[in-house]
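Engineer: Take this structure first; my questions come after.
Read the figures in this text as sums done on the coordinates, not as results from a lab. Please read these numbers as outputs of a predicted model, since none were measured by experiment. Every residue, glycine as well, gets a Cβ built from its backbone with ideal geometry; the counts of neighbours run over all protein chains shown.
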Amino acid sequence: MSMSSGEKIFWLIIIVTIVMVNPPLLIGINNYCKAHLLTLGVPTFWLWLEIWYLIGSSAFLIGAWKLRSWKGEEIEDRIKRVKIG
């Protein structure tokens, strides 16, 4: 079973989000945050993490709403084909 372009985009966003909030990359971000403590009046590191968590959460919500495979429509179609056949 191949993935639709929407599913590929979803998984790409999730993988990028996971990479952006994990320690290997956060070491570099932390060095930037030491030099720039506040961005728009909030702690820079906190803002970085919150933005990426928001992106990941949004991807899950949009995926649950839009992706056909998450709605169970594929399963319903298979059940109908089995009952007909």
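Engineer: In which sequence would K83, K34 go, from the one with the fewest C-beta neighbours within 10 Å to the one with the most?
Structural biologist: Sorted ascending by nearby Cβ count, the order is K83, K34.
Engineer: Rounded to the nearest 10 degrees, what's the angle between the helix 5-20 long axis and the longest principal axis of the chain, both from Cα atoms, 0 to 90?
Structural biologist: 30 degrees
Engineer: Between beta-carbons, use under 12 Å as the cut-off and find the net charge around P43, counting Lys and Arg +1, Asp and Glu -1.
Structural biologist: Surrounding charge for P43 is 0.
Engineer: Compute the acute angle (0 to 90°) between the alpha-carbon long axis of helix 73-84 and the principal axis of greatest extent of the alpha-carbon atoms of the chain; round to the nearest 10°.
Structural biologist: For 73-84 against the chain, the angle is about 10 degrees.
Engineer: Could you list which residues have their amide H under 5 Å from that of V21, counting only those 5 or more apart in sequence or on another chain, with H placed in the peptide plane?
Structural biologist: Hits under the 5 Å cutoff: none.
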